[in-house]
Amino acid sequence: MLKIAYHPIYKHPLPEGHRFPMIKYELLPQQLLHEGTCSEENFFEPSIPDDKYILAAHDERYYRDLVGLELSKSAVRKIGFPLSDALVTRERIIADGTIKGCAFALEHGIAMNIAGGTHHAYSNRGEAFCMLNDHAIGARYLLDNHLASNILIVDLDVHQGNGTAEIFQTDRSVFTFSMHGKGNYPFKKEVSNLDIPLEKGTTDKEYLSILKKTLPALLEKVSPQFIFYLCGVDVLETDKLGTLAMTLEGCRERDRFVLQTCHDANIPVQCSMGGGYSPDIKTIVEAHANTFRLAQDIYA
């Protein structure tokens, strides 16, 4: 059964006019339930995880300052959200959704998080709406508990997974792959194990051609025992913070190919949603919902 992490705290109140579309975290599960793609049985509610899981991926001083709301003003500005206890609790609960998702993926082949994909969180700082790197935390959970010894992170958000690359820069048990807009934030990129920067205006045809050549070759090369998939929908041509020119159909085919490849290779996969900043919230929700629809079809 497909298990999906969701908690009401995911929809965090923000100042009016804030560019982050927090409402999607409320609308997406409602849409999946309304259309019958999912039932209440598919969802589970994460909680605050043991600090040891977070500290396996993050610097203790940074984490203590974050939880204690003692970050500097410049550090908070880089995160982009007003810092509060509720916000930090939300981030910890999102991380737990991915941790628990790892166990469900090992059991069922796949698990998903309505939120997550916080790949701009470094080991010692937060950036761009990311404070704790849920995929890094999940990967360390698997490694430390001897549930996997070789992990592949597939990051297809339009923005490079700079924090993820930094956290695993010296860890040979985690292979980081990021395919992203060349001209997008972050403007100073980190070095992943494999980076594929895409030119502005890259279309469905170009994007999918590169992905379909790259991912099977990576599975052959890396032989991962577990895959984390960051399926950001900010690759869409309508996205305010993206530079690519993908359609909803192209984004759907991207997800279909990744999930089908994981399924056919019998490699467990945990999916976190990542970014999406199209002006019409319906576009964002539809693009994310496609990922869940495909997961139900492929892993039925």
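Tell me whether the stretch 1-8 contains one or more residues that are part of a helix (DSSP H, G or I), of a type in the set (Phe, Trp, Tyr) and crowded, with 19+ Cβ neighbours inside 10 Å.
Scanning the stretch 1-8, I find no residue that is part of a helix (DSSP H, G or I), of a type in the set (Phe, Trp, Tyr) and crowded, with 19+ Cβ neighbours inside 10 Å, so the answer is no.
Which one of the conditions (1) surrounded by 13 or more Cβ atoms within 10 Å (Cβ to Cβ); (2) farther than 26 Å from residue 186 by Cβ does residue 58 fail to meet, given that it meets all the rest?
So residue 58 meets the others, but not (2).
Which of the following residues is charged (D, E, K, R), touching a His at 6+ places or on another chain (Cβ under 9 Å) and surrounded by fewer than 24 Cβ atoms within 10 Å (Cβ to Cβ): 127, 70?
Numbers: 70 fails: touching a His at 6+ places or on another chain (Cβ under 9 Å).
Going through 127, 70 in turn, the sole match is 127.
Looking for whichever is open to solvent by 30 Å² or more (accessible area, probe 1.4 Å) and either in contact with a Gly (Cβ under 7 Å, 6 or more places away or on another chain) or in contact (Cβ under 8 Å) with a residue 40 or more places away in the chain (or both) here; the options are 280, 264. Which one fits? Walk me through it before giving the result.
Details: 264 fails: either in contact with a Gly (Cβ under 7 Å, 6 or more places away or on another chain) or in contact (Cβ under 8 Å) with a residue 40 or more places away in the chain (or both).
Matching residue, one of 280, 264: 280.
The values are calculated or read from the model by the stated rules, or taken from the named source; none is laboratory data. None of these values were measured; they are calculated from a predicted model. Please note: Cβ atoms are built from the backbone with ideal geometry, for glycine as well, and neighbour counts cover all protein chains shown. Heads up: the accessible areas ignore ligands, DNA and RNA and are worked out on the full protein's heavy atoms, side chains in. Shrake-Rupley method; radii C 1.70, N 1.55, O 1.52, S 1.80 Å.
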